[in-house]
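Working notes for the structure below.
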Amino acid sequence: MTTTSATTGSIGTTGTSATAAETELIVGGMTCAACVARVEKKLGRLAGVSASVNLATGRARVSHPPSVTAAELMAVVEGAGFTAALPEPERPAQPEVTDSAPEFTRLLITALLSVPVLVLSMVPAWQFTHWQWLCFTLATPVATWGAWPFHQRALRGLRHSTATMDTLVSLGVLASYAWSVYALYFGGAGRPGMRMPFSLTPTVMGGTADVYLEAVVGVPLFVLTGRLLEARARQGTGSALRALAALAAKDVVVRADGTERRVPIGELRVGDHFVVRPGERVATDGVVVSGSSALDMSLVTGESAPVEAGPGTAVTGGAVNSGGVLEVRAEAVGADTQLARIARLVADAQAGKARVQRLADAVAGVFVPAVLTAAVTVLGFWLGAGATPQAAVTAAVAVLVVACPCALGLATPTALLAATGRGAALGILVRGPQALEGLRRVDTVVLDKTGTLTTGAMAVTGVTTRPDGPDTEAVLRLAAAAEAGSEHPVGRAVRARVPGPLPRAEDFRATPGLGVTALVAGHRVEVGRPGPELPGVLAAAVRKAEEDGHTTVVVRVDGEPQAVIALGDTVRTDAYRAVDHLKRLGLRPVLATGDSPATAHAVAAGLGIEEVHARATPEEKAALVRELRERGHRVAVIGDGVNDTAALAGSDLGIAMGGGTDAAIGAADVTLVREDMGALADAVRLARRTSLTVRANLAWAFGYNLVTVPLAAVGLLSPMFAAAAMSVSSLLVVGNSLRLRTWQPAPARRKAAR
């Protein structure tokens, strides 16, 4: 069977194969990993159909026989309780940004209404005349409007014969509210002066039924809090794709018949000629027709050195024009460009990486029906045993309330929130549980060079002068003065090397691809390419620089070569310690870079890295990560450029440098904000500590249910105490997570790693 991978056309279906096709669907209404699993399961029930759903982008990629139509696939998704649509043509896939303001408003109003109810219900000394009616008035909007998202999702699940954690929350709230209404109107709890003592077990005081309004407000309050924290912890999952889309040009200047006009990028066609002026991005992949300039390709290829472009040179969309005006013939547009291919690699990797589902959702298929069955069984048992209806209902409601998954819902997001705050103070941003899962068994780290192990900016690395010529500083001042009028990266690097005012330059001329010349202090100064006429010491300097992978220019004064300036990307001073830390943590470093073999091996040798992959394209970096994972390695990738995004997204753990591109940061699980590679070791330790905290939280949350559900079933817990126990369990989880806010990297380990 052959399956095509591109998605084109207005119907979103691809594939000319007679045996298989692939369709992309936009799925709405998904809120968690359980929703993803439900969509994939429903689609997978069709003969010959397999689906991969990306929660971050809201997209489902479905492989299916040609006999299965897109309409049938959408009908299946809609039958599972979600919305489905085909992507619009000629529109880049961009994740939607979720607005959390409505959820926050709902939580805030729910909290304002709930706190008085909780306090009055659990502190008998503060209960005044008619306090129960005030609590009932405050609890009613919480039970209806505040808990409406849970009721809505529970009803949707009921229509499709599924039960989720929302089902438990909804039933717990409704059962507690219904019993409280009965108690107030028919059970004597509404009389003036009624007091409700705090009790561990179900009781009937003086023939008066208890009210469980604290359970009515407490359940939605804590679950809403957990959901919001989790949503914020997951926010930005699709930022890598948004950043890649932002990198692409939005419009382009097309030249035809001697005239120029600016058109939207969607109107550009293969064969059209377009203009790229200094400072602009190359709109799409193409070939230079006329003009010469230097292109900054670092955002796309990772190369720090500028690339000279002239007639016949192939250029890549997204590159920045640093010099003259270029006229380019478009060779690829839309989905066929290199930038679009990188975006597809990121989307594929995000959809294919191990999905870290919230544990509560993962077990919902068993846990929720079990709790519902237990509540019904408890009700029937107590009624059959001769207990009063109130006692039977009380025990059943206690089971539903005590089993509500507040602690489970808070276990992961609160730990992530605390770790993120502490990490930010240490210059480390940890996003999502994927970082925790990835770091548990990582044994290989693939490092980018440019901008990661090196500064990412061209700088003067060495100057060699003739023994019988001017000294180094004098030559550099002349060269910097001559480059004063140049916008070329080489010129900027030379000028940056010389502090203070420079001599005045006259008669400045720049020849693209060759260099500059100017009259400085009565001397004709030229800064340009090396030639065959260099004397021995300067020729040797050129050869040595080329062996090290550096760029060289020759400074000629009055026609005589006087010095060779070597320029290159310098290794970060903290990179040596960082690589050593990786080794001491049991991780194997691998260097993968788009730079030349000479440069890559020179950097690797200095840092003690044995495995090197040079001239690696974005596709080759992603393929390297896949190959390492197929060989059984757990792979982390560290990078900073667009060329690293596919590898970052496809790894077990992606780590981006904070000074890198938005696309790289968006695709990564960990971002190192401070300009210190030593933060990498701290990031590993913080993520491992966070993983331990999450596992401890989940162990407590499940342990709490294992103990309290049986106690509630045998009538040893009142719903009021069940709600209190549920609240305490949530507070314990939060308290354990907050310990991460005071976490410090172990001084002993830091010292040992030096």
*Kindly rank 646-655, 446-455, 611-620, 535-544 from highest to lowest mean number of other beta carbons found within 10 Å of each residue.*
646-655, 446-455, 611-620, 535-544
_Suppose the chain between Thr377 and Leu514 were pulled fully straight at 0.36 nm per residue; how much longer would it get relative to their current alpha carbon spacing?_
40.6 nm
*Taking amide H positions as placed 1.01 Å from N in the peptide plane, with prolines and chain starts having none, which residues 5 or more places from Thr461, or on another chain, fall under 5 Å of its amide H?*
Ala566, Leu567, Gly568
*Computed FRET efficiency, Cβ-Cβ of Arg626 and Val714, R0 51 Å: what is it to the nearest 0.05?*
0.45
*Quote the charge dipole size of the range 458-570 about the Cα centre in Debye, to the nearest 20; the model charges only the Cβ of Lys and Arg (+1) and of Asp and Glu (-1).*
160
*Distance check, please: which entries in Lys42/Lys250; Lys41/Lys250; Lys41/Lys449; Lys250/Lys544; Lys250/Lys621 exceed 32 angstrom between their Cα atoms?*
Lys42/Lys250; Lys41/Lys250; Lys41/Lys449; Lys250/Lys544
*asked:* Are there any GluC sites (Glu not before Pro) in the range 463-529 that are in a DSSP loop and have at most 16 other Cβ atoms within 10 Å? List them by number.
replied: Glu487
*asked:* Taking each pair of distinct Cα atoms in the range 458-570 once, what is the resulting Kirkwood hydrodynamic radius in Å?
replied: 13.7
*So which trypsin sites (Lys or Arg not before Pro) in the range 135-165 end up in coil per DSSP with only 13 or fewer other C-beta atoms within 10 Å?*
none
*Simple spin-label model, 7 Å along Cα-to-Cβ: Leu112 to Thr129 in nm?*
2.9
*Table column - 3J(HN,Hα) (Hz), the range 180-187, Karplus curve with 6.51, -1.76, 1.60, x for Gly and Pro*: 5, 4, 4, 5, 6, 8, 10, x
*Normalised by the number of residues in the range 250-339, what is the relative contact order in percent for Cα pairs under 8 Å and 6+ residues apart?*
34
*At Val287 and Ala314, where each label point lies 7 Å from the Cα along Cα→Cβ, what is the point-to-point distance in nanometres?*
1.0
*Whole-Hz couplings from phi, Karplus 6.51/-1.76/1.60, listed for the range 123-132; x for Gly and Pro*: 10, x, 5, 9, 7, 10, 4, 6, 4, 5
*What is the spin-label model distance, in nm, from Val707 to Val537 if the labels are put 7 Å beyond Cα along the C-beta direction?*
8.1
*In whole Å, what is the distance between the alpha-carbon centres of the range 545-610 and the range 146-163?*
59
*If R0 is 56 Å, what FRET efficiency do you get for Ala370 and Arg615 from their C-beta distance, rounded to 0.05?*
0.50
*Sort Ile428, Ile109 so that the residue with the fewest other Cβ atoms within 10 Å of its own Cβ comes first and the one with the most comes last.*
Ile109, Ile428
*Kirkwood Rh, Cα Rg: Rg to Rh for the range 250-339?*
0.93
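Each reported figure results from applying straightforward, stated rules to the coordinates on display, with no laboratory input. The shown structure was predicted, so the numbers you read here are calculated from the model rather than taken from an experiment. Because the Cβ atoms are built from the backbone with ideal geometry, glycine has one as well, and the counts that use them run over all protein chains shown.
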